[in-house]
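**Student:** The structure is given below, and queries will be raised subsequently.
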Amino acid sequence: MAIVIKSPQEIEKMRRSGGVVRQVLDAMRDLVKAGVTTLDLERAAEEKIRELGAVPAFKGYHGYPCVLCTSVNEQVVHGIPSAERVLAPGDIVSIDCGVVMDGYYGDSAITVPVGEKISPRAKRLLQVTQASLEKAIQTVRPGATLGDIGAAVQEVVESEGFSVVRDFVGHGIGTRMHEDPQVPNYGQRGVGTKLREGMVLAIEPMVNAGKPGVQVLSDGWTAVSEDGSLSAHFEHTVAVVADGAMVLT
């Protein structure tokens, strides 16, 4: 599958779908509190997506049942919202959301603390994962490589004693949710596909407080850290433009 280069008009459409994702995630952040279930978040998100004139991207994708992925504590990604999963003080919850609007996809994720008091390690994990995404975005420009992006994430994460999940990667995105190229969160500078103006990438560090290993639970979706350590996930959809990166979400 070839990498699809987007025109400025297409990037503008993706900016609109990305804006919807951002509004949904901002609304979810406000709803996260102790006593709320992940299904409560799911229902509110679906209502918000439709109210904003978009269609949920995840629901039905390869059979996935929901519009959000809600991954709590040791859950890395693809946690299925549930009425049984009640958020408790001190939890962290990763919320991943995708929409499609006018045929173009937007995809983004945040990890949110439940309540004011989370452990210092959980707090640091969130700060470092978000910082690794910001550092990766700063490396994006025409002529940089996918290895530059991965190395940026890896350096930030590993310098803090955390580990990068290697089983899942970021991806190209456009008129399909997952396009080429894959965007690993580890790598070597100067190595790999060169970035070109008009490429659009979903960059999404997934970071474990312990070791990098993950396993998928019996539901076939929910991935958890093998050692039970906390995990965080942040993601933005980013376009490569002449002077660097344009964050679309």
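**Student:** Can you find a residue in region 194-213 that is closer than 23 Å to SER71 by Cβ, modelled with pLDDT of 95 or more, part of a loop (DSSP other than H, G, I, E, B) and of a type in the set (Lys, Arg)?
**Tutor:** Checked region 194-213: at least one residue is closer than 23 Å to SER71 by Cβ, modelled with pLDDT of 95 or more, part of a loop (DSSP other than H, G, I, E, B) and of a type in the set (Lys, Arg).
**Student:** List the strands (runs of 3 or more DSSP E) inside region 1-117, counting only whole elements, that have at least 1 residues being acidic (Asp, Glu).
**Tutor:** So the answer is 92-101, 104-113.
**Student:** Can you pull out every residue in region 228-247 that is closer than 21 Å to GLN127 by Cα and in a loop (DSSP other than H, G, I, E, B)?
**Tutor:** Scanning region 228-247 gives GLY228, SER229, LEU230, PHE234.
**Student:** If you take the residues in region 157-167 that are under 26 Å from GLY98 (Cα atoms) and free of Cβ contacts under 8 Å to residues at least 60 places away in the same chain, which one is surrounded by the most Cβ atoms within 10 Å (Cβ to Cβ)?
**Tutor:** Looking at the filtered set, the residue picked out is VAL157.
**Student:** Residues in region 216-223: is at least one touching a residue at least 40 places away in the same chain (Cβ under 8 Å), acidic (Asp, Glu) and surrounded by fewer than 22 Cβ atoms within 10 Å (Cβ to Cβ)?
**Tutor:** yes
**Student:** State yes or no: is ASP167 within 22 Å of TYR61 (Cβ to Cβ) and in a strand (DSSP E or B)?
**Tutor:** no
**Student:** So THR139 fits all but one of (1) crowded, with 19+ Cβ neighbours inside 10 Å; (2) in contact (Cβ under 8 Å) with a residue 40 or more places away in the chain; what number is the exception?
**Tutor:** (2)
**Student:** Name the pairs: first residue in region 168-191 and more than 21 Å from VAL4 (Cα to Cα), second residue of a type in the set (S, T, N, Q) and surrounded by fewer than 19 Cβ atoms within 10 Å (Cβ to Cβ), Cβ to Cβ under 9 Å, at least 6 apart or on different chains?
**Tutor:** GLY187/THR145; GLN188/THR145; ARG189/THR145; GLY190/THR145
**Student:** While we're here: Residues in region 75-112 that are surrounded by fewer than 19 Cβ atoms within 10 Å (Cβ to Cβ) and in contact with a Leu (Cβ under 7 Å, 6 or more places away or on another chain): how many?
**Tutor:** So the answer is 2.
**Student:** Out of GLU204, GLU197, which single residue is within 29 Å of VAL20 (Cβ to Cβ) and over 18 Å from the mean Cα position of the chain (by Cα)?
**Tutor:** Matching residue, one of GLU204, GLU197: GLU197.
**Student:** Could I ask something else about it? Among the numbered criteria (1) at positive phi; (2) in contact with a strand residue (DSSP E or B) (Cβ under 8 Å, 6 or more places away or on another chain), which one does ASP180 miss?
**Tutor:** Of everything listed in (1) at positive phi; (2) in contact with a strand residue (DSSP E or B) (Cβ under 8 Å, 6 or more places away or on another chain), ASP180 misses just condition (1).
**Student:** Also, quick follow-up: Answer with yes or no whether MET177 is out of contact with any Pro (no Cβ under 8 Å at 6 or more places or on another chain), surrounded by fewer than 24 Cβ atoms within 10 Å (Cβ to Cβ) and in a strand (DSSP E or B).
**Tutor:** no
The values are calculated or read from the model by the stated rules, or taken from the named source; none is laboratory data. Values in this document were obtained by computation on a predicted structure and should not be read as measured data. Every residue, glycine as well, gets a Cβ built from its backbone with ideal geometry; the counts of neighbours run over all protein chains shown.
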